[in-house]
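Read-outs: derived from the displayed coordinates by stated rules, not from any lab. Computed from a predicted structure; not experimentally measured. Glycine also receives a Cβ, built like all others from the backbone with ideal geometry; neighbour counts cover every protein chain displayed.
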Ligand SMILES: C[S@@+](CC[C@H](N)C(=O)[O-])C[C@H]1O[C@@H](n2cnc3c(N)ncnc32)[C@H](O)[C@@H]1O
């Protein structure tokens, strides 16, 4: 590629996604050994994320029109994979973490009254999109980072905590998952649904900085370019984690919280 073309591309990236995204792209391309902070890289990717959702609303779901309709359906049944983990009681509170502008979770479950709370750090910007496209969400997403869940909720609040395709977008997934364990009740589940090794699949672009996978021994691994945590072993005293890969690429992680947590952050 000619030098002129490279400069044109850089200017284009700066215009579309801002200065932060340009710095991240240049560092990734020319100085990969220089570590950028996870938070900086995350922040730089937010404009890209917003452009995705703007296009999704404008086109009513882009390549996924059925998904668009389902998310707006107040009678959509709760997905079986989530329903199977609910405790047997007449009413349950479910938290969807990194829900995007419209939670993917179904709103109805036979014989159970379900109350869904949805959070996402970009919720304010999503509200502006909902207004722009005149969309009334069945569940309005509240602004909160997964890493900060204990600022928004008491420990042991929810009967199920769910995240799909979002915790591997966080700037600190280990902390995010610990916070999810903190706010779920003891004896209840955190359910994670993420593509296997999403960051590697996406060449560490945008918010894709973390890989979730399962080891040969069945342990749940969280890995970035610079570190790896074996969540199953590290938190064995707190929870039981099981992993399953569906369709060769979707990692389903079920985390059973065995006991309440005494402390706040830094559990
Ligand atoms: C690809 S979207 C998925 C949204 C939704 N869960 C779904 O399945 O359609 C990723 C979402 O993760 C959110 N996210 C990124 N970092 C996060 C964090 N630290 N805490 C919670 N959510 C986060 C993004 O804002 C975005 O809405």
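Worth pointing out:
- Sorted largest first, the spans of the alpha carbon positions of segment 86-150 along the three principal axes are 39, 29, 12 Å.
- Extension gain (nm, one decimal) between residue 148 and residue 63, 0.36 nm per residue minus Cα-Cα: 27.3 nm
- Compactness of segment 115-166 as Cα Rg over 2.2 N^0.38 Å, two decimals: 1.24
- Kirkwood hydrodynamic radius over Cα pairs of the chain, then Stokes diffusion coefficient at 37 °C and 0.692 mPa s, in µm²/s: 168 µm²/s
- Computed over segment 37-257: relative contact order in percent, which uses C-alpha pairs under 8 Å that are six or more apart: 17 percent
- Remark: segment 1-156 is approximated by an ellipsoid whose semi-axes, taken from the C-alpha gyration tensor as √(5λ), come to 37, 20, 13 Å, largest first.
- Rounded to 10°, Cα long-axis angle of helix 123-132 versus longest principal axis of the chain: 80 degrees
- R0 of 30 Å, Cβ-Cβ distance residue 52-residue 215: FRET efficiency to nearest 0.05: 0.45
- Comparing mean-square fluctuations of 112, 183, 97 from a GNM of the chain with C-alpha springs under 10 Å, the top value falls on 112.
- Within the listed set 22, 144, 36, the Gaussian network model of the chain (springs between alpha-carbon atoms below 10 Å) gives the highest mean-square fluctuation for 36.
- Helix 46-58 vs. the chain, principal-axis angle (Cα, 0 to 90°, nearest 10): 70 degrees
- DSSP beta bridges confined to the chain are antiparallel in about 55 percent of cases.
- Between 67, 145, 159, the Gaussian network model of the chain with springs among Cα atoms under 10 angstrom shows the greatest mean-square fluctuation at 67.
- For segment 123-244, the Kirkwood radius over C-alpha pairs fed into Stokes-Einstein at 37 °C and 0.692 mPa s yields D = 209 µm² per second.
- Cα long-axis angle, helix 3-30 against the chain (0 to 90 degrees, to the nearest 10): 30 degrees
- Across segment 200-228, the residues whose backbone nitrogen lies under 20 Å from the label position 7 Å along the beta-carbon direction of residue 245 are 200-204, 209-225, 228.
- Treating each Cα of segment 1-92 as one equal point scatterer and applying the Debye formula with no solvent, the log10 of I(q)/I(0) at q = 0.16 Å⁻¹ comes out as -0.84.
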